[in-house]
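Comments concern the structure below.
The values are calculated or read from the model by the stated rules, or taken from the named source; none is laboratory data. In this text, all values refer to a predicted model and were calculated from it rather than measured experimentally. Positions of Cβ are generated from backbone atoms using ideal geometry, with glycine treated the same way; all protein chains shown enter the neighbour counts.
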Amino acid sequence: MTEGTTLAERYAGALSAIRAATIAAGRDHDDITLVVVTKNHPASLVLELLELGARDFGENRDQEAAPKAVEVRANSVVEHRWHFVGQLQSNKVRSMLDYSSVLHSLDRQSLLTELIKQTERREQPLDVFIELNLTDDPGRGGIRPVELLPFAEQVLAARWLNLKGVMGVAGLEADPASEFERIRTASQQLQRVAPEAKWISAGMSQDFELAIAHGATHLRIGTAITGKRAY
Ligand SMILES: *Cc1c(COP(=O)(O)O)cnc(C)c1O
């Protein structure tokens with residue numbers, strides 16, 4: 001993908017690279033959602049992206065995302081969605097629910113417990129992805145593939161949580177193609193118990209074309225579109 005110098009050029013460049021990779025993979029464009037990760041950038045950048053046609057935005061820190069989401073809502077009438085993609089502390093769940101419609105990073109039991117409690121209290125639905133731990137280190141964040149199905153059963157039993165699929169962050173050391181395949185395998189296992197949970201959140205600026213080739217449905221792209229982080 002060629003580097004554009006303006007936000008509009010980078011956004012258009014990402015869209016055309018996504019389109020080309022989608023066609024090359026023989027996939028349907030409607031099955032791919034671009035989530036523009038706007039962390040470290042101000043609300044003004046989100047407003048510009050709304051004008052360019054972007055509708056899905058990702059953030060990884062509640063302290064930054066909460067005021068940004070308020071500022072965007074106050075300055076635009078265009079419908080849009082916030083996706084929370086980072087590790088979330090349990091004490092930030094209530095705040096996250098104020099602005100997010102999708103959580104990509106359900107990565108542990110204690111977070112699930114708090115999500116069930118707060119969504120029930122508010123009677124508010126939330127779309128969730130289960131984040132996978134793709135490493136051999138059980139201490140790392142995420143649900144290990146062997147624990148996926150029992151964990152998924154608990155999510156499925158939660159009235160206000162809509163289980164949509166799995167999420168993975170491809171590691172820097174490992175071969176990304178084989179990691180994307182492990183995510184796809186986990187997705188297929190999940191779909192045996194949850195046929196609706198077909199989504200795969202995978203692929204970032206460096207590897208989204210490969211992620212599309214390996215079945216990703218939700219791309220989380222930051223710097224390739226937003227440029228270098230401003231703060
Ligand atoms: C920052 C971030 C991204 C986007 O990363 P880029 O390399 O800037 O595209 C995607 N997913 C998560 C969880 C992130 O924190």
Scan the range 162-172 and give yes if some residue there is basic (Lys, Arg), without any contact (Cβ under 8 Å) to a residue 60 or more places away in the chain and surrounded by 16 or more Cβ atoms within 10 Å (Cβ to Cβ), otherwise no. no
Could you check the range 118-153 and list, in sequence order, the residues that are of a type in the set (Asp, Glu) and over 18 Å from the mean Cα position of the chain (by Cα)? Glu120, Glu123, Asp136, Asp137, Glu147, Glu153
Report, by residue number, each residue of the range 85-107 that is polar (S, T, N, Q) and either crowded, with 20+ Cβ neighbours inside 10 Å or within 18 Å of Leu219 (Cα to Cα) (or both). Gln87, Ser100, Ser101, Ser105
Determine if the range 130-145 includes at least one residue that is under 16 Å from Val102 (Cβ atoms) and in contact with a Leu (Cβ under 9 Å, 6 or more places away or on another chain). yes
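Yes/no per residue for (1) touching a Cys at 6+ places or on another chain (Cβ under 7 Å); (2) assigned to a loop (DSSP other than H, G, I, E, B); (3) more than 14 Å from the ligand (Cβ to nearest atom):
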position: Lys117; (1), (2), (3): no, no, yes
position: Asp136; (1), (2), (3): no, yes, yes
position: Gly139; (1), (2), (3): no, yes, yes
position: Val146; (1), (2), (3): no, no, yes
position: Leu156; (1), (2), (3): no, no, yes
position: Asn162; (1), (2), (3): no, no, yes
position: Gly171; (1), (2), (3): no, yes, no
position: Ala211; (1), (2), (3): no, no, no
position: Ile225; (1), (2), (3): no, no, no
For the range 185-209, how many residues meet the condition of being more than 10 Å from the ligand (Cβ to nearest atom), of a type outside the set (A, V, I, L, M) and in a helix (DSSP H, G or I)? 7
Out of His104, His29, His41, sole residue that is more than 13 Å from the ligand (Cβ to nearest atom) and under 18 Å from the mean Cα position of the chain (by Cα): His29
Counting only residues in the range 109-143 that are of a type in the set (D, E, K, R), modelled with pLDDT of 95 or more and farther than 16 Å from Gln87 by Cβ, the one surrounded by the most Cβ atoms within 10 Å (Cβ to Cβ) is identified as Asp127
